[in-house]
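Some notes on the structure that comes next.
The values are calculated or read from the model by the stated rules, or taken from the named source; none is laboratory data. Worth saying up front: this structure is predicted, and the values here are computed from it rather than measured. Neighbour counts are summed over all protein chains in view; Cβ atoms, including those assigned to glycine, are modelled from backbone coordinates with ideal geometry.
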Amino acid sequence: MAQNQAIPGYTPGTHPDLPPPVRTTGMVGWVRTNLLSSPLNIALTLFSIWLLWSIVPPALNWVLTDAIWSADTRKECWALMSAPRDGACWAFIRGSMELFVYGWFPRDELWRVNLTFILFALTVFGALRENIPGRKYWLWFAAGFPFIAAYLLLGGGLEVSTFKVLLLAVIVSGGSFSAKKLSRGGYKFWHLLTSIVALLSLYVFQVSEYNSVLFTIDGLTSVGTNKLGGILLTLVVAVTGIAFSLPIGVALALGRRSKLPALRAVCVIFIEFIRGVPLITLLFVASTMLTYFLPPGSSFDLLMRVLIMVTLFASAYIAEVVRGGLQGLPDGQYEAADSLGLTYWKAHRLIILPQALKISIPGIVNTFIGSFKDSVLVLIIGMMDILGLGRARLNDPDWLGLAPELYIFISLFFFISCFAMARYSLNLERKLQTGHKS
Amino acid sequence: MNQETPTSNAIEAPATSSDEKIITINGMHKWFDDFHVLKNINLEVRRGERIVICGPSGSGKSTLIRCINRLEEHQQGTITVDGTELTRDLKNIEIVRSEVGMVFQQFNLFPHLTVLENVALAPIWVRKMPRAEAEESAMQYLERVKIPEQALKYPGQLSGGQQQRVAIARSLCMNPRIMLFDEPTSALDPEMIKEVLDVMIELAESGMTMLVVTHEMGFATAVAHRVIFMDGGEIIEEKPPQEFFDSPDHERTKLFLSQILHH
């Protein structure tokens, strides 16, 4: 081997770089070191090959070659096989696909769901692609997407009353007023007082008889949230939880590290309380107890309550992950930002959070994947997500006993979604790599 | 440390440019919990004056200059920087910080931003300078510290000496009236110390008011108007460099000098 030959006489300081010995690199090297390095290893390798040989081909036969893709019932399906259960009956999944994807959404309004899916794909695409032209507009669109989606799915017209017009006016004028105040640095007690007085008088006005409906705007046909089901419901719960938990979690993490004792206490209590209670318990609270606390007669949609609970639950976890990231930053970063005269918010926005969130990516995505999967827990309070709907479908006399097909399908759906998130996070980490840390 | 570091282009030391006081510290005390870290500090710095602060580790010298831009809060006495007194008023603190540059031992560059972004960041966000203008001025300062060709790299790809020069450019880009240096060469490999000291000497020649915590005695001799020796949280001795090295008054100063000069 040429590489092993000694280099004949060279002057010190001029030794050339040599390639490594061939046995330790490449395919051959890998097989030698990993599969055949000792008699025990050889035996284990042979055993593994035999195991794979006896499991994989039959499994593939069941899933693909012997599977039946179109039939109307389970009996029909099995009649097409050499023996019942010889292959998978994917006809069951295919036949139920519409139900699984759309739930009970009115069938002549399905375009709204499809449009939502398309917009969702565009949002994800635009938000995750960094070098897309006009990225700023993509991000604005992504920020507005939840509201567009909510309207597309639920529809409904708008009843314009004097109260709502007044409320809007107060919010807009108050907002612009306080923005001006804050930018000049003054935020006075009387300002807070006038806001409270304004809101109180609005409340009094709302219950008085002066509040009247001015006109109504017709919109999309209203669809009740109880019509949502299947993959649609799973995605609504999971995506809402994921999308809103990040900003809330970041705010909680910053609050927990704040120098203001009251704010810190509120954040700590909130995080520890939410983390200390199982999600299922929170969901039961959402489905039953919350109504006791609300004023009598007011109805607060069940799905909305569930979404709030799922979001709060995820944000408590995100808060702790982000806090870990914040603590992982050297103090020098805060000091450098301070010494340049950056304010708290600018320092966090430009220096601290970009780095802290980058450190937290694995933990954040881990939490996201967790909440995506936890979305199936809503079936416990009777909401029919993909798992609940699938199980209900199993009781259909036509398709009795096809549980393996159903669960493989559902597993695949969750696996693909979660694996995509995991891969994206790895990709993101690599992209944000900028050499050694200071 | 080594006494004969770069003094080839030594500047004539004294002759401060003005009598105007830019920093006034009066009867200042600071505690870390129960630990009395700074005791009755009185110090006046004139505009254009260059001061080197030295002393054994734990003597409070870093804490002292960190009080000047309020990275540390003092509990007693007053600190006035360029007419603004440092109190809890956040506005005042921000004003002082934008007028006072600081260079750290560990550089503290922002690793997620390029060198150019590091330098242009504060002018854009604190001084509200248009981006193009800020980047142009950032390039000028990078040229001044002699690394314009690294502008688009990330800090992690630079050597320690280069990073420290970027850190100096980052502070200078805010056009500060005062520069604080907290052991700027202590974390550097020996062969990189000179390139950083050269930049600091060049800065001194331009008339910048500088407070430098360092053990580079060659730098002190070449550049400083005054050398301050601290021990146990107190200013023990305060003299022009030549006198300081040749005829120190206090035993502790003599001991310290003998330890850093002969090792």
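Of the residues in region A:399-411, at least one is part of a helix (DSSP H, G or I), modelled with pLDDT under 95, touching a Phe, Trp or Tyr at 6+ places or on another chain (Cβ under 7 Å) and over 30 Å from B:W125 (Cα atoms). Annotation: of all residues in region A:379-438 being exposed (fewer than 12 other Cβ atoms within 10 Å of the Cβ) and in contact (Cβ under 8 Å) with a residue 24 or more places away in the chain, the one that is nearest to the other protein chains (Cβ to nearest Cβ) is A:K431.
Of all residues in region A:64-76, those satisfying the criterion of being surrounded by 14 or more Cβ atoms within 10 Å (Cβ to Cβ) and in contact (Cβ under 8 Å) with a residue 60 or more places away in the chain are A:T73, A:R74.
Checked against the criterion of being within 30 Å of A:K346 (Cα to Cα), surrounded by fewer than 24 Cβ atoms within 10 Å (Cβ to Cβ) and not aromatic (F, W, Y), region B:31-54 contains one or more residues that satisfy it. Can you find, within region B:163-179, the residue that is surrounded by the fewest Cβ atoms within 10 Å (Cβ to Cβ) among those that are among the hydrophobic types (A, V, I, L, M, F, W, C) and closer than 23 Å to B:E117 by Cβ? So the residue we want is B:M179.
If you go through region A:129-142 and keep only what is surrounded by 12 or more Cβ atoms within 10 Å (Cβ to Cβ), of a type outside the set (F, W, Y) and either within 30 Å of A:V223 (Cα to Cα) or touching a residue at least 40 places away in the same chain (Cβ under 8 Å) (or both), you end up with A:L139, A:A142.
With respect to the stated conditions, B:L255 is in a helix (DSSP H, G or I), out of contact with any helix residue (DSSP H, G or I) (no Cβ under 8 Å at 6 or more places or on another chain) and either of a type outside the set (K, R) or modelled with pLDDT of 95 or more (or both). Looking at A:L353, is it among the aliphatic types (A, V, I, L, M), more than 26 Å from A:S287 (Cβ to Cβ) and within 14 Å of chain B (Cβ to nearest Cβ)? Answer is yes for this residue. Residue under question is A:I318, and the condition is that it be buried (at least 18 other Cβ atoms within 10 Å of the Cβ) and among the aliphatic types (A, V, I, L, M); does it hold? So A:I318 passes the test. When A:G370 is tested against (1) surrounded by fewer than 19 Cβ atoms within 10 Å (Cβ to Cβ); (2) touching a residue at least 24 places away in the same chain (Cβ under 8 Å); (3) within 13 Å of chain B (Cβ to nearest Cβ), exactly one condition is not met: (3). Within region B:118-145, the set of residues being charged (D, E, K, R) and more than 23 Å from the chain's Cα centre (by Cα) comprises B:K128, B:R131, B:E133, B:E135, B:E136.
Here's the yes/no breakdown for (1) surrounded by fewer than 16 Cβ atoms within 10 Å (Cβ to Cβ); (2) touching a residue at least 40 places away in the same chain (Cβ under 8 Å); (3) touching a helix residue (DSSP H, G or I) at 6+ places or on another chain (Cβ under 9 Å):
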position: A:P84; (1), (2), (3): yes, no, yes
position: A:G87; (1), (2), (3): no, no, yes
position: A:S96; (1), (2), (3): no, yes, yes
position: A:P106; (1), (2), (3): yes, yes, yes
position: A:L110; (1), (2), (3): yes, no, yes
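Against the condition at pLDDT 70 or above and out of contact with any Phe, Trp or Tyr (no Cβ under 7 Å at 6 or more places or on another chain), how does A:V207 come out, does it pass? Against the criterion (at pLDDT 70 or above and out of contact with any Phe, Trp or Tyr (no Cβ under 7 Å at 6 or more places or on another chain)), A:V207 does not qualify.
Evaluation of B:N42 against the conditions (1) over 20 Å from the mean Cα position of the chain (by Cα); (2) assigned to a strand (DSSP E or B) shows that the sole unmet condition is (1).
Report, by residue number, each residue of region A:304-337 that is out of contact with any strand residue (DSSP E or B) (no Cβ under 9 Å at 6 or more places or on another chain) and within 14 Å of chain B (Cβ to nearest Cβ). Passing the criteria: A:G325, A:G328, A:L329, A:P330, A:D331, A:G332, A:Q333, A:Y334, A:A337. The condition of being aliphatic (A, V, I, L, M), outside any loop (DSSP other than H, G, I, E, B) and over 29 Å from B:V37 (Cα atoms) does not hold for B:L211.
The criterion of at least 1 residues that are within 11 Å of chain A (Cβ to nearest Cβ), out of contact with any Leu (no Cβ under 7 Å at 6 or more places or on another chain) and under 17 Å from A:A336 (Cβ atoms) is met by the following helices (runs of 4 or more DSSP H) wholly inside region B:65-171: B:90-99, B:115-125. Does A:W50 satisfy being touching a residue at least 12 places away in the same chain (Cβ under 8 Å), assigned to a helix (DSSP H, G or I) and of a type in the set (F, W, Y)? So A:W50 fails the test. Scan region B:199-206 and tell me whether some residue there is closer than 20 Å to B:E20 by Cα, outside any strand (DSSP E or B), among the acidic types (D, E) and touching a residue at least 40 places away in the same chain (Cβ under 8 Å). The answer is yes; a qualifying residue exists.
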